[in-house]
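The structure appears below as structure tokens.
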Amino acid sequence: MWRSRRNPVIGEGSPYARIMFVGEAPGYYEDLSGRPFVGAAGKVLEENLRRVGLSREVVYITNVIKCRPPGNRDPLPEEIEACTPYLDRQVKIINPDVICTLGRFAMRYMLKKAGVPVSSISRLHGKMFRVRLYGRERILAIMYHPAVALYKPPLRKVFENDFRILERFLQPSLF
Ligand code: URA
């Protein structure tokens with residue numbers, strides 16, 4: 001898949017971020033620019049960050065997959081296997097208190113890693129788990145992918161409501 005990419009999309013944001021967002025894979029505009037979530041789904045993400053008093057600059061944003069899958073198809077298991085060592089390093093370096101998964105691929109990867117039984121995203125979205133993850137206690141927050149707000153309009157409000165659970169973690173007293 002790296003053969004067909006224009007740019008790898010590693011991630012961006014604050015090295016001191018307390019919250020890390022993990023999406024699925026770069027799309028067309030991310031591939032062109034080398035930056036995560038700069039297309040339509042990124043607009044939805046930015047809007048929701050703003051609503052809870054956050055911005056791209058204070059969080060860290062990355063993906064499970066670092067190169068755009070041709071034609072935006074779902075990532076293959078071997079692609080996830082090839083890319084996740086980079087994601088694991090990113091989590092260890094940034095060391096966020098909260099990991100927020102956007103969509104089912106990031107959800108599945110982090111739930112497995114935390115030893116939490118995987119279920120469907122329609123059951124788990126909006127939930128938070130206090131887990132041991134990458135060697136310390138962290139909050140794992142499960143969200144739909146922001147693109148759902150675009151292709152399933154009734155889920156826009158659901159995504160917005162789920163996003164508000166993050167407000168709780170903006171007070172330093174919790175850790
Ligand atoms: N969708 C994702 O999952 N990640 C991006 O960076 C862009 C769109």
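The values are calculated or read from the model by the stated rules, or taken from the named source; none is laboratory data. Predicted model, so just to flag it, every value in this text is computed and none were measured. A quick note on method: Cβ atoms are made from the backbone with ideal geometry, for glycine too, and the neighbour counts reach across all protein chains shown. The protein model used for the area step is the full one, side chains on, heavy atoms only, and it has no ligands, DNA or RNA in it. Shrake-Rupley method; radii C 1.70, N 1.55, O 1.52, S 1.80 Å.
Could you grab me the full set of residues in segment 97-109 that are in contact (Cβ under 8 Å) with a residue 40 or more places away in the chain and closer than 16 Å to residue 163 by Cβ?
Once the filter is applied, which keeps residues that are in contact (Cβ under 8 Å) with a residue 40 or more places away in the chain and closer than 16 Å to residue 163 by Cβ, segment 97-109 yields 98, 99, 100, 101, 102, 103, 106.
Restricting segment 128-175 to residues that are of a type in the set (Phe, Trp, Tyr) and under 17 Å from the mean Cα position of the chain (by Cα), which is modelled with the lowest pLDDT?
Here the answer is 169.
Here are 50, 73, 56: which of them is more than 12 Å from the chain's Cα centre (by Cα), modelled with pLDDT under 95 and not aromatic (Phe, Trp, Tyr)?
Residue meeting the stated conditions: 73.
In segment 47-98, how many are among the polar types (S, T, N, Q) and part of a loop (DSSP other than H, G, I, E, B)?
2
Name every residue in segment 158-169 that is farther than 17 Å from residue 47 by Cα and open to solvent by 20 Å² or more (accessible area, probe 1.4 Å), in order of residue number.
The answer is 168, and nothing else.
Hey, can you tell me all the residues within segment 3-39 that are of a type in the set (Phe, Trp, Tyr), farther than 19 Å from residue 88 by Cα and open to solvent by 80 Å² or more (accessible area, probe 1.4 Å)?
Within segment 3-39, 28, 29 qualify.
Where residues in segment 10-34 are among the charged types (D, E, K, R) and either more than 14 Å from the chain's Cα centre (by Cα) or closer than 17 Å to residue 145 by Cα (or both), which of them is farthest from the ligand (Cβ to nearest atom)?
31
Determine whether residue 57 is farther than 27 Å from residue 112 by Cβ, open to solvent by 50 Å² or more (accessible area, probe 1.4 Å) and of a type outside the set (A, V, I, L, M).
yes
Taking segment 98-157 only, how many residues are open to solvent by less than 10 Å² (accessible area, probe 1.4 Å), within 20 Å of residue 77 (Cα to Cα) and within 16 Å of the ligand (Cβ to nearest atom)?
Residues that pass the stated criteria total 6.
I'm trying to understand the selection: among the residues of segment 7-24, which are closer than 26 Å to residue 169 by Cα and of a type in the set (A, V, I, L, M)?
Hits for segment 7-24 are 10, 17, 19, 20, 22.
Counting only residues that are of a type outside the set (A, V, I, L, M, F, W, C) and within 8 Å of the ligand (Cβ to nearest atom), which one in segment 36-61 is nearest to residue 166 (Cα to Cα)?
42
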